[in-house]
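S.K.: If you scroll down you'll find the structure; I have some questions about it.
The values are calculated or read from the model by the stated rules, or taken from the named source; none is laboratory data. Keep in mind that what you see is a predicted model, and the values were worked out from it rather than measured. As a convention, Cβ positions derive from the backbone with ideal geometry for all residues, glycine included, and neighbour counts pool all protein chains shown. Each accessible area value is taken on the protein alone, full model and side chains, heavy atoms only, with ligands, DNA and RNA left out. Shrake-Rupley method; radii C 1.70, N 1.55, O 1.52, S 1.80 Å.
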Amino acid sequence: MGAAEAEPGPSVPPMPEDALSDVDYVRELAQFILRNCEQQLRSVLLSQDPMLHFPLVIEFAELLDASPSLAYLIFANPAKFLPLLDEAAHGAQEVVFEAFKDREEMVLKEFLHARIDVSGSPLECPETFPRIGRLRVKHRGILLTLKGTVIRSGPIKMIEGEREYECRKCKQVFKVYPELETGNAIRLPMSCPSKGLKSCGGTHFRFVEGSIVCHDYQEIKIQENVHVVGVGSIPRSIPAILKDDLVDMVKAGDDVVVTGILTAKWSPDVRDVRCDLDPIMVANYIRRTNEFKSDIEIPEDAIETFNQFWAQFQDNPLKGRNAILHGICPQIFGLFTVKLAVALTLVGGVQHVDASGTKVRGESHLLLVGDPGTGKSQFLKFAAKLCTRSVITTGLGSTSAGLTVTAVKEGGEWMLEAGALVLADGGLCCIDEFDSMRGHDRATIHEAMEQQTISIAKHRGSEKTKDTEDLACVWPLPLLRRYIQYVKRNFQPILTKEAERVLSSYYQLQRRSALQNAARTTIRMLESLIRLAQAHARLMFRNEVTRLDAISAIICMESSMTASAILDDAGNALHSSFSDNPDQEYAKQEKLILEMLKSVDHAS
């Protein structure tokens with residue numbers, strides 16, 4: 001085990017559990033809740049629906065500061081002390097109700113659940129916040145926190161939580177709880193569990209009518225992030241149980257942090273198969289982190305670096321752009337056109353919503369085609385590093401269900417399990433060996449690429465020159481990630497009249513060309529050109545699409561064609577290189593393109 005894993009948990013001296021009675025623990029916890037959660041309790045009491053389940057979020061860091069001994073007991077023995085915390089929450093609720101019922105219209109709630117949030121506390125250390133793949137027996141029974149992505153969400157069920165029995169001999173009423181290890185089966189005690197100087201020893205019990213308490217219940221499966229998995233390792237997953245207010249809070253594809261108790265249950269009894277104990281997490285608290293998935297902290301000094309950089313290249317902007325492109329996959333020599341295309345794809349254009357509410361996506365898609373050894377996989381892997389949320393998969397052996405979603409049957413029930421495209425929601429999905437997919441498999445991802453939706457219905461060594469050597473060092477991977485995120489977040493470029501005229505003329509030229517006959521294809525080409533031009537404006541640190549951006553988009557589009565309509569030498573992307581004077585070379589290409597487009601304007 002590495003040094004990082006050996007860090008101890010909360011350094012709090014253990015407190016003997018028999019030091020106080022349960023009543024004393026509940027009283028002390030209730031006092032803490034009243035001091036720190038009064039506003040939450042008032043909000044719960046003001047709700048007029050008494051049958052809903054309400055969470056009461058308790059910050060573990062605050063509890064640790066207020067009572068280290070109690071915090072340690074909750075961490076070390078949550079199975080006992082979390083129910084006591086629920087009891088304390090109900091007691092605190094009654095106190096707040098009595099204090100404010102005359103001033104506000106309040107209703108006591110029967111279903112109030114204390115939820116432990118460990119954010120900012122010592123429980124975020126590696127020992128109590130391990131990777132899913134590092135879970136071991138030593139983690140069983142303590143308050144544990146896991147982080148991962150929901151890859152499967154089961155249906156919401158109703159499950160029995162407890163029932164009461166009465167001893168026929170001493171008339172003692174006691175509660176019986178289902179055992180998770182045995183599939184939530186109810187087992188009666190061997191003898192009466194009555195407490196006192198002497199047990200009655202009764203063995204016959206009567207069920208108390210109307211004593212069954214039921215809970216909402218849902219099982220999900222959480223998988224560790226692929227970025228934390230070592231080379232050659234498979235991402236591990238673990239099922240988690242959600243109850244009451246936690247059900248239906250997350251869906252497949254969500255990034256979550258779950259706090260709860262690690263326990264186990266017997267695997268299904270299958271003939272000739274050994275029955276094992278499978279680990280499972282009983283959640284006490286769950287938090288979605290999707291809203292933070294695209295948030296990269298961009299310090300002020302980084303923003304100042306961006307501004308100074310573009311001020312330096314104000315007179316030769318394309319030289320500055322190429323300096324940025326040098327930081328993309330620097331281990332591959334040349335391939336300027338490919339690196340530009342990757343950058344424009346990552347930056348993306350602006351989503352457009354028309355008056356009818358129809359959305360036109362702003363993101364472009366990139367297909368890399370080439371012989372083996374030309375660096376396609378290297379570009380995919382580097383692009384995944386630049387994106388805050390990314391998934392790399394392979395088309396070799398993948399099915400349509402594996403890329404989108406699949407319905408799996410487990411325990412006699414069907415559940416949805418997320419594929420690569422769902423897990424990459426809001427991020428980047430890189431598919432290597434795309435040509436290995438079968439024809440109908442490729443067709444299933446067209447909807448995700450074009451409409452950005454997924455239907456579930458299915459019946460089956462770097463280049464260096466004298467001018468750019470020092471500049472390339474300015475853009476290491478972390479800074480490049482921040483730059484891409486910053487321009488996507490802060491720039492929404494709009495087309496100038498001149499840029500719109502250039503793109504429109506090129507569109508008309510393609511309509512008349514024998515290279516493009518289908519109207520549908522050219523309409524999509526116009527949309528792609530607009531997205532590329534907007535992405536180029538973002539890359540150039542601007543909020544408007546100029547003629548330079550429009551022509552750069554045309555050059556990029558021309559280089560993707562086997563036969564170019566304007567630039568004869570634009571299609572050789574494999575041998576494209578970084579120019580020593582890109583602004584001068586662009587001026588020549590601009591002049592040629594504008595002359596070709598003039599004929600279209602005159603004909604119109």
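S.K.: Against the definition (in contact with an Asp or Glu (Cβ under 6 Å, 6 or more places away or on another chain) and either at pLDDT 80 or above or outside any loop (DSSP other than H, G, I, E, B) (or both)), how does G133 come out, yes or no? Steps first, answer last, please.
M.R.: Working: in contact with an Asp or Glu (Cβ under 6 Å, 6 or more places away or on another chain): yes; either at pLDDT 80 or above or outside any loop (DSSP other than H, G, I, E, B) (or both): yes.
Spelling it out, G133 is indeed in contact with an Asp or Glu (Cβ under 6 Å, 6 or more places away or on another chain) and either at pLDDT 80 or above or outside any loop (DSSP other than H, G, I, E, B) (or both).
S.K.: Can you run down the residue pairs with Cβ atoms below 9 Å, 6 or more apart or on separate chains, where the first is in the range 497-512 and closer than 18 Å to E590 by Cβ and among the polar types (S, T, N, Q) and the partner is part of a helix (DSSP H, G or I) and open to solvent by 100 Å² or more (accessible area, probe 1.4 Å)?
M.R.: So the pair list comes out as S505/K598.
S.K.: Among the residues that make up the range 116-128, is at least one of them out of contact with any Gly (no Cβ under 9 Å at 6 or more places or on another chain), farther than 30 Å from Y72 by Cα and surrounded by 13 or more Cβ atoms within 10 Å (Cβ to Cβ)?
M.R.: Scanning the range 116-128, I find no residue that is out of contact with any Gly (no Cβ under 9 Å at 6 or more places or on another chain), farther than 30 Å from Y72 by Cα and surrounded by 13 or more Cβ atoms within 10 Å (Cβ to Cβ), so the answer is no.
S.K.: Also, I was wondering about something else. Given the condition outside any helix (DSSP H, G or I) and polar (S, T, N, Q), answer yes or no: does some residue in the range 113-123 qualify? Outline the logic, then answer.
M.R.: Of all residues in the range 113-123, those outside any helix (DSSP H, G or I) come to 113-121.
Narrowing further to those that are polar (S, T, N, Q): 119, 121.
Among the residues of the range 113-123, at least one is outside any helix (DSSP H, G or I) and polar (S, T, N, Q), which makes the answer yes.
S.K.: Another one. With surrounded by fewer than 16 Cβ atoms within 10 Å (Cβ to Cβ) and modelled with pLDDT of 85 or more as the only criterion, which of R163, R187, R206 stands out? So that I can check it myself, show each step before the final result.
M.R.: Working: R163 fails: surrounded by fewer than 16 Cβ atoms within 10 Å (Cβ to Cβ); R187 fails: modelled with pLDDT of 85 or more.
Exactly one of R163, R187, R206 is surrounded by fewer than 16 Cβ atoms within 10 Å (Cβ to Cβ) and modelled with pLDDT of 85 or more, namely R206.
S.K.: Can you tell me which residue within the range 142-159, out of those that are surrounded by fewer than 17 Cβ atoms within 10 Å (Cβ to Cβ) and modelled with pLDDT of 85 or more, is nearest to the chain's Cα centre (by Cα)? First the steps, then the outcome.
M.R.: Quick first cut of the range 142-159, residues surrounded by fewer than 17 Cβ atoms within 10 Å (Cβ to Cβ) only: 155-159.
Of the ones still in play, those that are also modelled with pLDDT of 85 or more are 156-159.
Working: I156: 22, K157: 25, M158: 28, I159: 29 Å.
Per the criteria, the residue is I156.
S.K.: Would you tally the residues in the range 78-106 being at pLDDT 85 or above and open to solvent by less than 40 Å² (accessible area, probe 1.4 Å)?
M.R.: Of the residues in the range 78-106, 12 are at pLDDT 85 or above and open to solvent by less than 40 Å² (accessible area, probe 1.4 Å).
S.K.: Here are A565, A587: which of them is at pLDDT below 90 and assigned to a loop (DSSP other than H, G, I, E, B)? Steps first, answer last, please.
M.R.: Details: A587 fails: assigned to a loop (DSSP other than H, G, I, E, B).
Only one candidate qualifies: A565.
S.K.: Report every pair of residues separated by at least 6 positions or lying on different chains whose Cβ atoms are under 9 Å apart, first residue within the range 73-95 and over 13 Å from E28 (Cα atoms), second among the small types (G, A, S) and surrounded by fewer than 18 Cβ atoms within 10 Å (Cβ to Cβ).
M.R.: So the pair list comes out as F75/G9; A76/G9; A76/G141; N77/G141; P78/G141; A79/G141.
S.K.: Here is a follow-up. Would you tally the residues in the range 31-53 being of a type outside the set (V, I, T) and crowded, with 21+ Cβ neighbours inside 10 Å? Explain how you work it out, then say what you get.
M.R.: Initially, the range 31-53 is screened for residues of a type outside the set (V, I, T), giving 31-32, 34-43, 45-53.
Of the ones still in play, those that are also crowded, with 21+ Cβ neighbours inside 10 Å are 37, 41, 45.
Total satisfying the criteria: 3.
S.K.: Specify which of the listed residues (V391, V347, V342, V408) is at pLDDT below 85 and crowded, with 17+ Cβ neighbours inside 10 Å.
M.R.: Details: V347 fails: at pLDDT below 85; V342 fails: at pLDDT below 85; V408 fails: crowded, with 17+ Cβ neighbours inside 10 Å.
Of the residues listed, the single one that is at pLDDT below 85 and crowded, with 17+ Cβ neighbours inside 10 Å is V391.
S.K.: Hey, among D65, D49, which residue is farther than 14 Å from H113 by Cβ and in a loop (DSSP other than H, G, I, E, B)? So that I can check it myself, show each step before the final result.
M.R.: Values: D65 fails: in a loop (DSSP other than H, G, I, E, B).
Residue meeting the stated conditions: D49.
S.K.: From the set of residues in the range 268-302 that are farther than 25 Å from A114 by Cβ, of a type in the set (A, V, I, L, M, F, W, C) and open to solvent by less than 70 Å² (accessible area, probe 1.4 Å), which is modelled with the highest pLDDT?
M.R.: A302
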